[in-house]
1. With a cut-off of 8 Å between alpha carbons and a minimum separation of six or more residues, what is the relative contact order of the stretch C:39-285 in percent?
2. Round to the nearest 0.05 the FRET efficiency obtained for residue C:260 and residue A:122 when R0 = 41 Å and r is the Cβ-Cβ distance.
3. Hey, got the average number of other protein chain Cβ atoms within 10 angstrom for residues in A:131-143?
4. Report, by chain and number, residues whose modeled amide H sits under 5 Å from the one on residue B:269, excluding near sequence neighbours (fewer than 5 apart, same chain).
5. Output ³J(HN,Hα) for the stretch A:53-69: one whole-Hz value per residue in order, computed from phi by the Karplus curve 6.51 cos²θ - 1.76 cosθ + 1.60 with θ = phi - 60°, and x for Gly and Pro.
6. Convert each backbone phi in the stretch A:381-392 into a coupling constant with the Karplus relation 6.51 cos²θ - 1.76 cosθ + 1.60 (shift: θ = phi - 60°), then list the ³J(HN,Hα) values in order as whole Hz, x for Gly and Pro.
7. What residues qualify as long-range amide H neighbours of residue C:228, i.e. H under 5 Å apart, gap of 5 or more or another chain, H built at 1.01 Å from N?
8. Count charges around residue B:376 for me, please; just the other residues with Cβ under 12 Å from its Cβ, Lys/Arg as +1, Asp/Glu as -1.
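Computed from the coordinates by the stated procedures, all read-outs in this text should not be read as laboratory data. Predicted, not measured: the structure shown is a model, and the values here were computed from it. Quick reminder, even Gly has a Cβ in these numbers, built from the backbone with ideal geometry, and neighbours come from all protein chains shown.
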Amino acid sequence: MASSQHVLLSPAELAYLHASLSLTPPIRPDGRSPTQFRPLVAETGILPGTNGSARICFADGTEAIVGVKAEVERTAQRPGEDTIFLEEGGVEGGDDADGDGEAREGVDKRKGDAAWVEMTVEIPGLRDDDSGTAFLSAMLSEALLSDGEFAKRLWINRRFHWKLYLDIILISPPLSYPLPLLSLTSHLALLSTRLPRLKSEGDEDPFFDDDWAAAPYLYPRTTPTTTSSTSPTTTTAATRPPITLLVMAVGNNIIFDPSKEELTVADVALAVSVTSTASSTSKPHTDNADLKEPDTEAGRNLRLLSIRTIDPPSRLTPPGVANAANAAYGANNGAATGATQKMLEAQTAETEAVEGVWKAPRGGAKRRVLGALVQKVLERGGVVDEVLDALEAVDLG
Amino acid sequence: MPITILPPKPSRPINNHQHPSEDDVSAASDSDSDAGAAIDQDGDHAMHPPTKRTRLTTTTTISNRTAAAAAAAASIVTPGEQITDDPQWMRGHGTYVAGTAAGSASTITAGSIVSSVAGTVTRTNKLLSVRPLRARYTPEVGDLVVGRIVEVQAKRWRVDVGSTQLAALPLSAINLPGGILRKRTETDELQIRTFFAEGDLLVAEVQQLFGDGGAVLHTRSLKYGKLRNGVFVAVAGMGGGGGVVRSRRQVWTMDAANGGGQIDVVLGVNGYVWISRHVETPEAEAAGKGAAGITNMEESVSTTMYSSQNDRIEVEAMREIARLRGVVTALVENGLRVDEDMVVRGYHEAVEMAMVSPEGSDDIYLGGEKGQQLAAALTGV
Amino acid sequence: MADRRRINGPAGATIPPVFDDASTRGPKSIKSRSRPANATRKMYLKTGVTPSASGSAYLEIETSATPGVSGLKLSCSVHGPRSLPRSAPFSPHIVLSTHVKYAPFATKQRRGYLRDPSERDLGIHLEAALRGAIIADRWPKSGVDIIISIVEGDQDRETSQLQGDEVWDMMNALGGCITVAAAALADAGIDCVDTVAGGVAALVQDAGEDSIPTVVVDPIPSEHEKILAACCIAYLPTRDEVTNLWFRGDLPASDIDLYTNLVEKGIQASKNANRVLVGCLAETIQ
């Protein structure tokens, strides 16, 4: 099946939707502006048995719950890696052997593995091994892991690591493509995730602090130096978990957070994952001098993590029949004109677009449109910034 | 602001009334007047032991209609609750008659009428039925419904009308092109998909019911047929606070503000709503000319009956259609009933809200807080 | 998911013994890229290899280690168009189903017989890429199955350990899958608007942590020190349209040019593959 589920709409509805979304500015069926998201209700820390959890629900009743659980797991030792037997105790000072020891002290030895994170997506009405579910969870975990930094946070010492289980559950069958909902919920859950404070040192068996209040956040919080007036929270995480946004294009219009009906007439739909990192971290490839300037000013350093084309269901929609070619149109009596109707039917499949008649799109997306979509998402001070601001304002309990 | 994230609300009080503001007496008088049954007014139902919860104890309270109406807050029963043990009542939908085999420990008298769903007690002459608070649509003969074709079979279509069963639309129950009175031929059977195909929306009337709750539809009228030039919105079916309720008029044409022209609204009893631009039907045109005879009229009407091509629709009309759709969704999300009066009032309210809003009259968004504002304005809070 | 019908090996991972020799003891020797930055590897494509299928194709791409030796080997067969089962609902279009499966011996780490999530994921990418290319309304009420087996994955066999390159290998595999599936579809005579072909480009960092990253086409993970980002593109050359875009990595959002450049290079790689594809189809017809 396609990556997004098929919606049954009549050709007349599709033609109407497509026409109204192609206007400048587009008229969305629910009256939103092109960049407007559906209002949602969010809360975190709802599950006391987890390391972090969140819940988001839409006004239409679609609701997602994410629970994050962490377990200590022994790291498989591989030959060829520096083994621990020979140099116990000398770990802390060992870094000085490198020339640039203080620049990245203690950070470099942390290694992460993508297998340390396990993400499951449960959508009622879909089988566990359904391709759509696999696609969704691959997309979400890809965004989480693609910077290579996240798995390092799970490093305890060279023998042990945290294994993080991220379980995403949709409470009811989704009424629209659930990707943004799942992504925003797991973002909040990860933000609220705390791991027990480590008391042991070095490579001995890990031993943790019992005091949950002392447990540090997985995404460390910092008190912002410049207090942003909008968010009432005192602490914010500099580096944030990724968010994945669903964007689609109809004609020249770029539309965010499309509903199910809107996605059905999309020319192209993309899932774009972005994150914001602390602007101070010296990532190896941010060394273009001109990048630094706007970063410090905006206080948020957006990074593009992944893009995937979502196969829009528009290609699977039934085509409309133009009046000129409609056998049931007009007062011709059906009995006599069987042969001509055959011809007409064959013709309609090939004729050019008639206004007001729906025709499933063929081919792919124009390169220019794709570029514009990505650019619109990454725009400074654009939608992503505002979404991140709004998520920041959620009380993390 | 592209996104609004709200903190969770404290759980919403369960409220079945259409007008949460008004007191129970007046709320009951508009919709549930025939549910007039004698009930305990202390509003503390759950505290009573089941044996004391017998609602209809004597006929005198029933016959005293004025007293009953005055006291008629919605009388809510739950499954397994005895409604009456008076043998004069007949069992209707949502109830069953308790068997004689009930043990001595049972609090229900044998032969009494017991509720099988959670809902309000309705009385029609001697028939007692319980209307569930929330349920899927149950078709009744004569209902005007909006449906979507989900399957095409050899001689009939299967139509989704939001009911427990798919409704059937036989080929013999539609108007064939070329005049109402034309005989059905084999060619029509072969070309069944040219009339309605999968996904097509149509407005039809329930003609007949099967024993299993399935409905047979017909479109043998000029006002029924395929839908185009508009948008579809599915709201909750009947019952409960929100949703479409059966009313005198399910279809009307209204004048839109801001140069939107005329807009047709079809409220299917099943909760499916169609909002579209009003198209001057040839029948009206013909009437205007005064020349066409009756046979001519039938033929010209059927030309557009199975069209899936939209007419050219102005931007203003599209905007007003979207605004109306927003009104309907806002009504549903705020638990209000959807009928002509509410939709028209809501629409005018929405137009006025847009006038004073900073974005101007082009602002048609009615989700979230704006929807609540609208609902508040309608209920007069 | 465990396969209960077969006797499985031990659940835990075991690691083969590695003998201590000079090459493993020292720091990993970085092989440099053997081709110019904008050159793709040679590929071999042949259609009509499976007589029983409606259409089929076979693709080989040269490996990195020794030129002339094949790395990635893909075999694709197309079954259909054929009528849908009676239970299936009416479809006005052809119903496409794609299966991508690694052979158990294709990669260093053995793959199971059941498709794992990454293979399903590849299948969905492939489906998106092909759906844009075929003219689906020519074949109502019919279905077509596209089955790709990855006979041999493109992995460096000289290193003893996994290097976390699997995700980048997946992109290379997808690029090959798209090309070979397009060839097989054309062989099966299914109408397409254009020949679609896959191309991969990557942003790599070859000389240490602080060097300026460069964009290369058709990357081989083992040839580069670090891959910062990569994208796989399915492209229709005559229509200048993209049917599938898959990007992953870590790029600063403020530098849109870097991303655009990457996509452009991916399209270039796709055009190269497309030339091979068109040449192969022309050859078959003659």
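1. Values: 561 pairs, mean separation 51.7, N = 247.
Computed over the stretch C:39-285, the figure is 21 percent.
2. Working: r = 37 Å, r/R0 = 0.91.
Here the calculated transfer efficiency is 0.65.
3. Numbers: counts 10, 2, 2, 10, 8, 2, 2, 8, 4, 0, 1, 4, 1.
Other-chain Cβ atoms within 10 Å of each residue's Cβ, averaged: 4.
4. B:144, B:145, B:146
5. 7, 7, 9, 10, 9, 8, 5, 7, x, 5, 9, 10, 10, 10, x, 10, 10
6. Residue by residue, the stretch A:381-392 yields x, x, 5, 4, 4, 6, 5, 5, 4, 5, 5, 5 Hz.
7. C:203, C:204, C:205
8. Values: positive: B:370; negative: B:349, B:369.
Around residue B:376, the surrounding residues sum to -1.
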